[in-house]
Amino acid sequence: MMTSSVKANPINIMDLFNSSKKLLICAPMVRYSTLPFRQLVKLYGCDLTFTHMILSDCFSKAQQARDAEFQYCESDRPLIAQFAAKEPSHFSEAAHLIAPYVDGVDLNCGCPQKWAIKEGIGACMCTNPALISSIVSQCRRKNPDLCISVKIRILPSLDETIKLAQVIESAGASFLTVHGRTIKERNVDPHYDVVRAIKDAVSIPVVHNGGVYHPNDIEPALSKTGADGVMCAQGLLNNPALFAGYSSTPLRCVQDWVNIALSFGTPFITFKHHLMFMLEGVLPRHEKRVLNNFAAYTSVLEYLDRNFGVRYQNIMP
């Protein structure tokens with residue numbers, strides 16, 4: 001919910017990139033990049049989080065949409081709000097409205113879902129550099145001091161992909177995130193060489209996204225791409241402590257999720273889905289079915305207490 005309370009001392013995202021540390025970033029994920037999950041991964045080595053993809057037209061027009069789509073607290077930072085947009089005015093207005101509550105905004109040009117493509121947003125925009133340039137440049141004019149980033153997928157042509165990255169830089173983007181797969185590619189290794197070529201072709205920071213599922217994947221991805229950071233999605237869903245070096249979700253992390261999720265009033269389905277992800281490598285198939293069939297918090301909490309000794313501890317003051 002957006003309120004009149006404004007964050008004090010916003011964090012300069014570019015200062016994070018200018019440090020000697022390679023950034024470890026939690027990707028924007030539909031349904032899952034909620035305030036409680038963002039709080040959880042920040043306990044385990046995550047340097048920067050994103051909101052889920054928000055439709056900028058709805059957000060810019062209606063307070064009801066703003067309250068429904070965006071929740072934050074004072075400790076929810078550094079934070080970037082990601083928007084989908086195909087109209088420059090919608091993106092710049094949404095960015096203006098949310099700027100007091102976040103440390104940057106991001107334009108989603110990477111979502112490959114069919115509904116997004118049908119709406120003319122997401123990854124299909126990568127074939128229209130002029131539109132992306134217009135959206136970013138107008139937002140830069142209206143919000144000159146705001147960190148503005150763009151997340152893209154690669155195109156089949158290396159030359160066209162590099163040109164796209166250079167157009168985005170020229171439009172005024174602060175940094176660029178590259179998912180190293182095309183819109184049609186699923187479950188294949190990212191094209192690390194393409195991300196490396198983009199990094200060599202632009203002067204703004206470049207973040208690599210794709211192929212990081214285990215702590216041991218981080219350094220090779222950075223080495224192969226030369227990127228200024230790595231962004232992770234599915235790997236963090238399965239193991240929110242991945243960036244802290246854990247090869248699987250530690251029990252302490254499960255305990256932290258229960259405390260955070262319930263203290264923030266996380267919807268039951270979201271609460272349970274995260275547990276299913278986190279316990280994927282621990283529970284045998286029949287136990288997964290048991291957990292998945294629970295329909296109430298009390299049943300899940302009794303199960304966690306009985307099997308793991310995990311009990312809810314309210315962390316709110």
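The values are calculated or read from the model by the stated rules, or taken from the named source; none is laboratory data. Quick caveat: nothing in here was measured; it's all calculated off a predicted structure. Quick reminder, even Gly has a Cβ in these numbers, built from the backbone with ideal geometry, and neighbours come from all protein chains shown. Ligands, DNA and RNA are stripped out before the accessible areas are found, and what is left, the full protein with its side chains, is counted by its heavy atoms. Shrake-Rupley method; radii C 1.70, N 1.55, O 1.52, S 1.80 Å.
Couple of notes before you dig in:
- Accessible area ranking (1.4 Å probe, heavy atoms, ligands and nucleic acids excluded), largest first, for Tyr312, Tyr72: Tyr312, Tyr72.
- Here is the size of the range 190-244 from its Cα atoms: Rg then Dmax, 11.3, 34 Å.
- Relative contact order for the range 125-170: 52 percent, from Cα pairs under 8 Å spaced at least 6 residues apart, divided by residue count.
- The heavy atoms of Thr127 offer some 110 square angstrom of accessible surface to a 1.4 angstrom probe.
- Shape box of the range 1-98 [Cα atoms, principal axes, largest first, Å]: 39, 27, 25
- Nonlocal amide H pairs with Met29, under 5 Å, H built at 1.01 Å: His52, Met53
- Taking amide hydrogens as placed 1.01 Å from N in the peptide plane, the amide H of Cys147 sits under 5 Å from those of Val105, each at least 5 positions away in sequence or on another chain.
- Across all Cα atoms of the range 128-217, the radius of gyration (one decimal) and Dmax (whole number) stand at 13.5, 41 Å.
- Residues of the range 22-45 with amide N under 19 Å of the 7 Å Cα→Cβ point at Lys288: none
- Centre-to-centre, using Cα atoms only, the range 9-86 and the range 243-276 are separated by 18 Å.
- Considering all different alpha carbon pairs of the range 133-184, the Kirkwood hydrodynamic radius works out to 11.5 Å.
- Accessible surface of the chain, 1.4 Å probe, proportion on carbon and sulfur as whole %: 52
- Over the range 28-158, relative contact order from alpha-carbon pairs under 8 Å, at least 6 apart, %: 22
- Inter-label distance for Arg252 and Cys58, nm, one decimal - labels placed 7 Å from Cα along Cα-to-Cβ: 3.9
- Computed over the alpha-carbon pairs of the range 48-146, the distance histogram in 10 Å steps reads 16, 50, 30, 3 percent, short to long.
- Normalising the average separation of contacting C-alpha pairs (under 8 angstrom, six or more residues apart) by the number of residues puts the relative contact order of the range 99-239 at 19 percent.
- Selected from Met125, Met14, Met29 as most flexible by GNM, with the chain as the system and alpha-carbon contacts under 10 Å: Met14
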